[in-house]
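To start, the structure itself, in structure tokens.
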Amino acid sequence: MFRVLTRTFGALADPTRLAVVGRLSRGDATMGELAEPHRITRPAMTKHVTVLVDAGLVSRRRVGRTVVCSLRPEAFSEVEQWLGDLTTYWNSTVDRLEELLRGDGDGH
């Protein structure tokens, strides 16, 4: 699991790639559409998208001469699971702290 998380968060650590994932969450986009708001060249965007493809977060396909990118939402399932586990842990920790502060708990 941690290998997938490391690869995923590594790919998302770059602001441009994070923005690309955000854009693709609204639907497929061409390389030109992805590059335009960042004012970077298509070759530079290709490098960013390749990192996302290698991390398994994005897929790309050719439609004629155009490359269309799509988000792979299933690739985020391990991140979702990990965040859910953290949320459960922190909620139980906060609940125990609240009990201790109210004097309801015995400290164990």
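The values are calculated or read from the model by the stated rules, or taken from the named source; none is laboratory data. Predicted, not measured: the structure shown is a model, and the values here were computed from it. Cβ placement follows ideal geometry from the backbone for every residue including glycine, while neighbour counts extend to all protein chains displayed. Keep in mind that these areas ignore ligands, DNA and RNA; they rest on the heavy atoms of the full protein, side chains included. Shrake-Rupley method; radii C 1.70, N 1.55, O 1.52, S 1.80 Å.
Once the other residues with Cβ under 14 Å from the Cβ of R3 are scored (Lys, Arg +1; Asp, Glu -1), what is the net sum? Intermediate results must be reported in sequence, preceding the final value.
On the way: positive: R7; negative: D54, E78.
With Lys, Arg at +1 and Asp, Glu at -1, the net is -1.
Can you give the net charge of the other residues whose Cβ lies under 12 Å from the Cβ of T30, counting K and R as +1 and D and E as -1?
Details: positive: R23, R42, R60, R61, R62, R65; negative: D28, E33, E36.
Cβ neighbours under 12 Å give a net charge of +3.
For the stretch 1-74, what does the accessible surface come to per residue with a 1.4 Å probe? Please give it in Å². It would help to have the intermediate numbers written out before the result.
Values: 4590 Å² over 74 residues.
In whole numbers, the stretch 1-74 has 62 Å² accessible per residue.
Trypsin sites (Lys or Arg not before Pro) within the stretch 18-88: which are DSSP loop residues with at most 15 other Cβ atoms inside 10 Å? Before the final figure, lay out each step's value.
On the way: sites: R23, R26, R39, K47, R60, R61, R62, R65; in loops: R26, R39, R65.
For trypsin sites (Lys or Arg not before Pro) across the stretch 18-88 that sit outside H, G, I, E and B with at most 15 neighbouring Cβ atoms in 10 Å, the list reads R26, R39, R65.
Under 5 Å between amide hydrogens, which residues at least 5 positions from V67 or on another chain qualify, with H placed 1.01 Å from N in the peptide plane?
M31
Just for the Cα atoms in the stretch 37-94, what are the lengths along the principal axes, largest first, rounded to whole Å?
53, 23, 17
If you roll a 1.4 Å probe over the chain with all protein chains in place, what percent of the accessible area is carbon or sulfur?
Details: 4100 of 7420 Å².
Here carbon and sulfur together make up 55 percent of the probe-accessible area.
Summing -39500 (n - 2.57) over the DSSP H runs of n ≥ 4 in the chain and dividing by its residue number, what mean residue ellipticity at 222 nm do you reach, to the nearest 500 deg cm²/dmol? Display every interim value, and only then the final one.
Details: 5 runs with 65 residues, N = 108.
Roughly -19000 deg cm²/dmol at 222 nm, from the helical runs in the chain.
Please report, in cubic angstrom per residue, the volume enclosed by the convex hull of the alpha-carbon atoms of the chain. Don't jump to the answer; show the numbers that get you there.
Numbers: hull volume 13.7 nm³, N = 108.
In the chain, the Cα convex hull volume per residue is 126 Å³.
So how far apart, in nm, are the two label points at D14 and T66 if each is 7 Å from Cα heading toward Cβ?
Going by the 7 Å Cα→Cβ label model, 2.4 nm.
The stretch 10-66: D in µm²/s via Stokes-Einstein (Kirkwood Rh, Cα pairs, 10 °C, 1.306 mPa s)?
Numbers: Rh = 11.4 Å.
The Stokes-Einstein estimate is 140 µm²/s.
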